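Visitor: Attaching a single structure in structure tokens format; questions to follow.
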Amino acid sequence: QLGIGLAVRKHVLKRRGIITSDAQRKPGLALSQTARAEVDYLLERLARRDRRAAV
């Protein structure tokens with residue numbers, strides 16, 4: 001899973017406490033603060049309908 005998808009997945013796993021770092025090996029992408037906030041917002045909205053999305 002290359003690109004932004006891996007960055008999002010690692011961010012979510014870190015928020016859930018499954019991994020300790022969302023860093024990727026070079027030249028992997030990193031999420032900006034804005035992108036992290038957007039992912040968190042989307043998960044929050046999704047969690048209202050599906051508890052599996054709760055972080």
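The values are calculated or read from the model by the stated rules, or taken from the named source; none is laboratory data. All of these numbers come straight from a predicted model, not from anything done at the bench. Positions of Cβ are generated from backbone atoms using ideal geometry, with glycine treated the same way; all protein chains shown enter the neighbour counts. Ligands, DNA and RNA are stripped out before the accessible areas are found, and what is left, the full protein with its side chains, is counted by its heavy atoms. Shrake-Rupley method; radii C 1.70, N 1.55, O 1.52, S 1.80 Å.
Visitor: Show me the ranking of peptides 31-37, 3-9, 46-52 by mean Cβ neighbours inside 10 Å, starting with the highest.
Guide: Going by the mean number of other Cβ atoms within 10 Å, highest first, we get 3-9, 31-37, 46-52.
Visitor: Between the helical axis of 33-47 and the dominant principal axis of the chain, each derived from Cα atoms, what acute angle in degrees is found, rounded to the nearest 10?
Guide: The helix 33-47 is inclined about 30 degrees to the chain.
Visitor: So, one more: Where the accessible area of the chain is counted over protein heavy atoms with a 1.4 Å probe, how much of it, in %, is carbon and sulfur?
Guide: 53 percent
Visitor: Could you report the chain's accessible area per residue, 1.4 Å probe, as an integer in Å²?
Guide: It amounts to 83 Å² per residue over the chain.
Visitor: D for the chain, whole µm²/s, Stokes-Einstein with Kirkwood Rh over alpha-carbon pairs at 25 °C and 0.890 mPa s: what number?
Guide: D, rounded to a whole number, is 210 µm²/s.
Visitor: Taking the Cα-to-Cβ direction at residue 53 and at residue 29 and moving 7 Å from each Cα, how far apart do the two end points lie in nm?
Guide: Placing both labels 7 Å along Cα→Cβ, they lie 2.0 nm apart.
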